[in-house]
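The values are calculated or read from the model by the stated rules, or taken from the named source; none is laboratory data. Everything numeric in this text was worked out from a predicted model, so none of it was measured. A quick note on method: Cβ atoms are made from the backbone with ideal geometry, for glycine too, and the neighbour counts reach across all protein chains shown.
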Amino acid sequence: MPRVETTQGLLRAAFAIARHEHPAADVEIVEAAIAELSTTILRRVRTPSIEAKLAHLHDVLFDVAGFVGNVEDYYAPANSYLPEVLRTRRGLPITLVLIYKSVAEGVGLVVHGINSPGHFLAAVETRTPASGLASQDGWMYIDPFYGGELLNRGDVCRRIAETTGIEPADTTQWLAPATHRQWLARMLHNLQAVFAHAGRERDLYAMQELQELLL
């Protein structure tokens, strides 16, 4: 089992959550679907530039495959289940970002999940800082829920402020990359909220148990 700190480990842990309602799901099918999307993009790319890879990534994921947020049935548990999101091309922000990250890294891009309040986002490293150290300077923020909408830092902060009604003096915390354990915890919290609201106590307890096992 890959370590959860790796992208493959994160993907497999997220898949394990889906096994709660889809016990017959096959992780190899999920990984093959991700790899096929990456391969399709690589066949189109003619230059090694980040901009070219990003353009083809968005064309394949959002224009051809049609991945988008499920605004019609936002609180359906299936929006959090990786195999279902790959099948229907509909999901929550956090699940769509996971697919985006997995496919993008297959074509050589570096993608982070951004644990912003109310709406999980992706951030693509568009250039390497001169220091060689990780830096948010030059990152491009992406919202897969809205068809790969491109956002800058100011756009993200304004959107969060409008959603939450909060405008802190320091917005750095809003744009911090999620660790993979934070990522999984947020996925499980989403499902716990859905099951609690629906009165599905057994499912709620199952998600709490999964949280203890995965985290």
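Are any residues in the stretch 120-178 modelled with pLDDT of 85 or more and acidic (Asp, Glu), and if so, which ones?
Those that are modelled with pLDDT of 85 or more and acidic (Asp, Glu): 125, 143, 149, 155.
Being touching a Phe, Trp or Tyr at 6+ places or on another chain (Cβ under 6 Å) and charged (D, E, K, R) is the filter here, so list the residues in the stretch 37-90 that pass it.
Within the stretch 37-90, just 89 meets the criteria.
Tell me which residues, restricted to the stretch 79-130, are acidic (Asp, Glu), farther than 18 Å from residue 25 by Cβ and in contact with a helix residue (DSSP H, G or I) (Cβ under 7 Å, 6 or more places away or on another chain).
Once the filter is applied, which keeps residues that are acidic (Asp, Glu), farther than 18 Å from residue 25 by Cβ and in contact with a helix residue (DSSP H, G or I) (Cβ under 7 Å, 6 or more places away or on another chain), the stretch 79-130 yields only 105.
Do the conditions hold for residue 198, that is, is it among the aliphatic types (A, V, I, L, M), over 18 Å from the mean Cα position of the chain (by Cα) and at pLDDT below 95?
No, not satisfied.
Count, please, the residues in the stretch 16-59 that happen to be in a loop (DSSP other than H, G, I, E, B), of a type in the set (A, V, I, L, M, F, W, C) and either over 23 Å from residue 147 (Cβ atoms) or under 18 Å from the mean Cα position of the chain (by Cα) (or both).
Matching residues across the stretch 16-59 total 2.
Which of (1) in contact with a His (Cβ under 7 Å, 6 or more places away or on another chain); (2) surrounded by fewer than 19 Cβ atoms within 10 Å (Cβ to Cβ) is the odd one out, the single condition residue 123 does not satisfy?
In the conditions (1) in contact with a His (Cβ under 7 Å, 6 or more places away or on another chain); (2) surrounded by fewer than 19 Cβ atoms within 10 Å (Cβ to Cβ), residue 123 misses (2) alone.
From the list 98, 37, which residue is under 23 Å from residue 115 (Cβ atoms), at pLDDT 95 or above and crowded, with 19+ Cβ neighbours inside 10 Å?
Only one candidate passes the filter, namely 98.
Filtering the stretch 161-208 down to residues that are of a type in the set (Lys, Arg) and not in a loop (DSSP other than H, G, I, E, B), which residue is farthest from residue 112 (Cα to Cα)?
202
How many of the residues in the stretch 45-57 are under 14 Å from residue 104 (Cβ atoms) and among the charged types (D, E, K, R)?
Count: 2.
Kindly list, by first and then second residue, each pair from a residue in the stretch 59-77 that is free of Cβ contacts under 8 Å to residues at least 24 places away in the same chain and more than 14 Å from residue 93 (Cα to Cα) to a residue that is not in a helix (DSSP H, G or I) and not hydroxyl-bearing (Ser, Thr, Tyr), limited to pairs with Cβ atoms under 6 Å and residues at least 6 apart or on different chains.
That search, which allows pairs on different chains as well, returns 66/89.
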